[in-house]
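The values are calculated or read from the model by the stated rules, or taken from the named source; none is laboratory data. No experiment lies behind these values; they were computed from the predicted model shown. With ideal geometry, Cβ positions are generated from the backbone for all residues, glycine too; neighbour counts draw on all protein chains shown. Each accessible area value is taken on the protein alone, full model and side chains, heavy atoms only, with ligands, DNA and RNA left out. Shrake-Rupley method; radii C 1.70, N 1.55, O 1.52, S 1.80 Å.
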Amino acid sequence: MQDWGLSAERLFGRRKEEAVGRPIWSLFRCGSQTWLPFPPKEQRCGEGMVQRRDGTSANVAYTVIPVLQADGYIVLVEDETKQKQKEAERRRQVELAKKIQQNLLTPLIQNEAVTMDAVYIPSDDLSGDIYACYQIDLYRYGVIVIDVMGHGISSALVSMLLRSLLRGLIVRVIDPVSVASELEKHVQTLFPDEANDIRHLFSMIYLVIDTKERKIEYTNAGHPAGLLVLDDGSVRELDKGGLAIGSPFSLPFEKEVIHYDKRARLLLYTDGILEEIDPSILQSIEKIRLCTQMCRHLPDKRFLERLISQGPPLVSPSDDICLLSITVHG
């Protein structure tokens with residue numbers, strides 16, 4: 001060691017006279033191991049830990065630059081301890097938020113009249129997708145699936161905020177058009193245009209299952225069409241409704257009422273699954289439709305497993321995925 005700067009003194013806790021003349025690799029050790037590449041034949045960059053004179057450790061990033069003319073080298077070191085601590089704290093906070101978001105998903109309804117199962121896979125640690133289901137009264141059930149634009153922390157925060165509104169809204173308002181209109185009003189109140197550069201846009205499909213009247217009322221706000229497969233194998237697309245909520249264009253929502261006789265299968269999903277099943281979105285939609293029709297008599301969980309198997313394994317999806325299978329028993 002021929003020179004030793006003031007920053008090195010502060011990082012290692014050693015004065016210049018203590019460092020000059022010592023082998024450089026002896027300073028770049030944590031415990032008995034040294035990790036500095038030596039002798040360096042070319043420029044090298046990396047990260048590691050060093051032990052200070054007082055016994056404490058520091059996370060560092062280093063660059064080793066050979067100086068061939070002088071038959072030596074320059075070592076640049078940056079203390080990353082605080083940055084690593086901040087990253088660890090951020091990971092802890094994200095993990096906590098992930099657990100909170102998972103806990104916000106409502107329990108799936110399981111009784112003699114209605115059964116459900118779901119697949120919920122965030123593309124990142126947090127998801128912009130959310131589902132909720134509630135028993136409104138003895139015979140009626142409200143089910144909603146929401147997909148907030150984008151993914152990650154910002155969309156997850158919006159989805160969690162929406163989740164806090166849903167129970168009171170669905171149980172109190174019930175009607176699909178009225179629920180969609182109320183959500184539109186809430187978005188306008190929470191995120192006024194003049195206060196935001198980016199609109200908080202989300203698609204939604206919401207339906208009310210009435211097992212006494214044997215009917216399903218729904219509205220679809222810019223969401224992928226849900227599927228209803230009746231006991232005879234006929235398929236109805238749930239695509240009637242309006243634009244995504246938060247859209248700059250304001251149009252009234254519509255609802256559709258579908259009556260069923262015997263057992264029926266419902267599939268609600270977000271668009272993240274479309275990219276995973278097939279590179280062609282149209283082919284994905286057709287595969288989903290066919291699988292829902294052919295596997296309509298399977299239990300909800302097995303049906304969703306069969307549906308997911310239509311594409312490659314869902315290891316790292318590019319978008320959030322939410323699937324909800326509902327069986328209405330005759």
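A few comments on the model shown:
- Entries of Lys98/Lys240; Lys212/Lys287; Lys99/Lys240; Lys99/Lys215; Lys185/Lys262; Lys185/Lys240 with Cα pairs more than 26 Å apart: Lys98/Lys240; Lys212/Lys287; Lys99/Lys240; Lys99/Lys215; Lys185/Lys262
- Axis of helix 81-104 versus longest Cα principal axis of the chain: the two differ by about 10°, to the nearest ten degrees.
- Within a straight-line Cα-Cα reach of under 29 Å, Lys16 can be paired with the following lysines, leaving aside sequence neighbours fewer than 8 residues apart in one chain: Lys41, Lys82, Lys84.
- A 1.4 Å probe run over the protein chains yields, for the chain, 53 Å² of accessible area per residue, whole-number rounding.
- Those aspartates and glutamates that a straight Cα-Cα span of less than 20 Å connects to Lys86, excepting residues fewer than 8 apart in one chain: Glu47, Glu78, Glu95, Asp124, Asp125
- Sites Ser178 and Gln293 - FRET efficiency at Förster radius 25 Å, r taken between beta-carbons, to 0.05: 0.20
- Candidates Cys291, Cys133, Cys45, ranked by Gaussian network fluctuation over the chain, Cα under 10 Å, top entry: Cys45
- Positive minus negative residues near Asp124 (Lys, Arg vs Asp, Glu; Cβ under 11 Å): -2
- Adding -39500 (n - 2.57) for every DSSP H run of four residues or longer, then dividing by how many residues the chain holds, sets the calculated 222 nm ellipticity at -9500 deg cm²/dmol.
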